[in-house]
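The values are calculated or read from the model by the stated rules, or taken from the named source; none is laboratory data. Fair warning: this is a prediction, and the values are worked out from it, not measured in the lab. In this analysis, Cβ positions are derived from the backbone assuming ideal geometry, glycine residues included, and neighbour counts consider all displayed protein chains. Quick note on the areas: whole protein, heavy atoms, side chains included, nothing else; ligands and nucleic acids left out. Shrake-Rupley method; radii C 1.70, N 1.55, O 1.52, S 1.80 Å.
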Amino acid sequence: MSEVTQNRTFFGRIAANPTPALIWLGGVLLLLSVEFSAFVDALILFGEQINPLVGGSKDIGGWYVDTMYDSLGFAGGTVMSALGALVVLAVFSVFVKAAFIPFSIVERLGLEDLPISADLLERSIVGAFLVVLWLVLLYEPLAFLPALPLIGEPTLAQMVHGFAQTMAGIADWVVANVPTLLSRDLIPNQGFNPPASAASEYPAGSEILGARIAIGPYHGTFLGLSPAVAWAIRVVAIYLYAFVWLVWVWQGYKTFRRHYRFADWTPRDDMIDRLSTHRWGQFGFVVVFLFLVLAMFAPAMGPTTTAQNIYNPYGHEFQYVEDGEVQTITHGTANLQSASQGTPDNNVGVMNYDDYGRFHPIGTLSERANGKDLFTFMADGARVSLFIGLLSIALSGFIATALAMVTAYYKGLADLIVVVTSDSIQALPGLLIYILLSVVFSSHPISNIYSGGFLLALIFAATGWPALWRAIRGPAFQVSEEEWIDAAKSYGQRPSATMRKHMLPYVAGYLLIYGSLTIGGIIISVAALSFLGLGVAPPTPEWGRAVNIGRPYVTTVSWHIATIPGLMVVFVVTGFNALGDGIRDAIDPQSEGSGAGESAAAGGGG
């Protein structure tokens, strides 16, 4: 039985009994505080990714306008350029309104009496805001630029720029000065065992809160432990931290259900109970959880940093011991000497050290990849795969959902047009289309955004929405025939409101199911393109490229180069498919055990 009365709003129920919510919120703040600097660093990284995206949109727009004018002349180019801008603006306006603005802007501003459609007015307001935001980001980007000279009264652009600079300075200070619990600065694993003659110059252990603590003989590593043990401690600590987050989120749901939920029971309770006994789905959840943590904490997970290992190895030095003396060498030079070449004398395998005392959990790459550390390569590559998968699923899911709502509500000609379009796209061979579009747009400005990852996400979204649309088209048509939809029409409710309030919640579960099944196919398709030398451009790491690099060494002692990345692709794809099966069986128990193989095949095929 609920502990609160049913006639209060959600926030009213919290106000009536705030203690459980405050306890849970306190736990969240505590978990955030121990990794606050890392979260700020993630926001900085997000801002750095926004800049090329905004700049790339300018390049893409310029390319489109130039192409239209060159092909159609002045009049035709002007018309098509304006039409293209309106189409893009309309699509983004609809997406932003549907995804991020749950209330009516027209009603909040008191503009209901204007002689114009409320939907059109709302889209126009959102579109105008997006144009202003794009111009601000384009000419005053979220980058750490030198301060603009202030002459006379500050302009709006200068004030925006000054605010961005102030926030960027604060963020830089936080990242540089606020320690995090799981950083490689607090739990370092790069160090060496100094010779007896240099023990006083290079004392054992590491400094923790200003005090040097040593258990082992190594200099520079956590507590003086060996690099392998120090790295393992940091990785275990990261996964424990992520697991505590997972447990606390679950505790938050139980707190909501026990103290603040309107009803004592909902169908969601039965879904969770069914999922709690679904072993295949739980296996998928564990694999996906491990993959997500690897991607999210990639900078701290690797035994070395991506700057030292991938992007600027010759700009970073480290110390090691040779012939009883402490020497200095760049990571780039050491990587070349530590490359795995398929022979016992030239191989750094799984759980091995190289000749310079650096620990490699799953070995090193070959000389073709300059001998980079494979684990660091795979951890950073997980971020790339996750970015492409999530962005493409978000875009294709939005397109599929919007078209499913429209075709189910209006039927007839609208449904016929979408059916013909989706059949035409699905009739094309998927992998060949990926290869063709990757080659065609390889020199386009859009291919420079995130080393081609953004282009791949757009390609997968453009070719993947028909499968998602067909998956949710049936449930959308089913709910459109319900009596409450007819009642909403009779009441005069706007079609967009009917779709959003009465149809979308019904098909959202199916979208979650098929989205989780499809993301595995996207990850394996990205790996296949990288294996063929297409897709994500080097030096940005990608799992498929590692498989391609290690292919000549599969039967040698350097088998790890291709085998481990290949197995990781298989496990992650299987994990997403298993999780999708579990969610499907939890939402629709009548489907349990039926079509599991077909679903997995659909997910793995991209």
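Key figures for this structure:
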read-out: Length-normalised contact order of the chain in % [C-alpha pairs under 8 Å, at least 6 apart]; value: 14 percent
read-out: Solvent accessible area, Å² - residue 19, 1.4 Å probe, full protein context; value: 80 Å²
read-out: Percent RCO, i.e. relative contact order, over region 375-589, from Cα pairs under 8 Å lying at least 6 residues apart; value: 27 percent
read-out: Beta bridge orientation in the chain: antiparallel %, DSSP, nearest 5; value: 95 percent
read-out: Euclidean distance of C-alpha centroids, region 573-590 and region 209-284, integer Å; value: 22 Å
read-out: Residues whose placed amide H lies under 5 Å from that of residue 347, excluding near-sequence neighbours; value: 341
read-out: Net length gained if the chain between residue 116 and residue 290 were fully extended (0.36 nm per residue, minus Cα distance); value: 57.5 nm
read-out: R0 of 60 Å, Cβ-Cβ distance residue 554-residue 262: FRET efficiency to nearest 0.05; value: 0.55
read-out: Candidate residues 410, 491: accessible-area rank, largest first, probe 1.4 Å; value: 491, 410
read-out: Simple label model, 7 Å out from Cα along Cβ direction - residue 345 to residue 481, nm; value: 7.6 nm
read-out: Linear extension gain, residue 316 paired with residue 416, 0.36 nm per residue minus alpha-carbon span; value: 30.0 nm
read-out: Accessible area (Å², per residue) of region 440-599, counting only protein heavy atoms and a probe of 1.4 Å; value: 41 Å²
read-out: Under the span-like rule (Cα at least 30 Å along the axis, Kyte-Doolittle mean at least 1.0), DSSP H helices of the chain; value: 36-100, 118-139, 227-255, 374-410, 504-531, 560-587
read-out: [x] 36; [y] 43; [z] 54, with the label sought being that of the calculated percent of Cα pairs over 41 Å apart; value: [x]
read-out: Solvent exposure, largest accessible area first (probe 1.4 Å, DNA, RNA and ligands not counted), of 584, 108; value: 108, 584
read-out: Per-residue SASA entry for residue 325, accessible area with 1.4 Å probe, Å² rounded to 10; value: 110 Å²
read-out: Potential lengthening between residue 70 and residue 435 on full extension [0.36 nm per residue; Cα-Cα distance subtracted]; value: 128.7 nm
read-out: Pairwise label distance in nanometres, residue 279 with residue 25, each label 7 Å out on the Cα-Cβ vector; value: 4.3 nm
read-out: Net charge of Cβ neighbours under 13 Å - reference residue 96; Lys, Arg +1; Asp, Glu -1; value: +1
read-out: For residue 444, solvent-accessible area (1.4 Å; no DNA, RNA or ligand), Å²; value: 20 Å²
read-out: Heavy-atom SASA rank of 483, 367 (probe 1.4 Å, accessible area, largest first); value: 483, 367
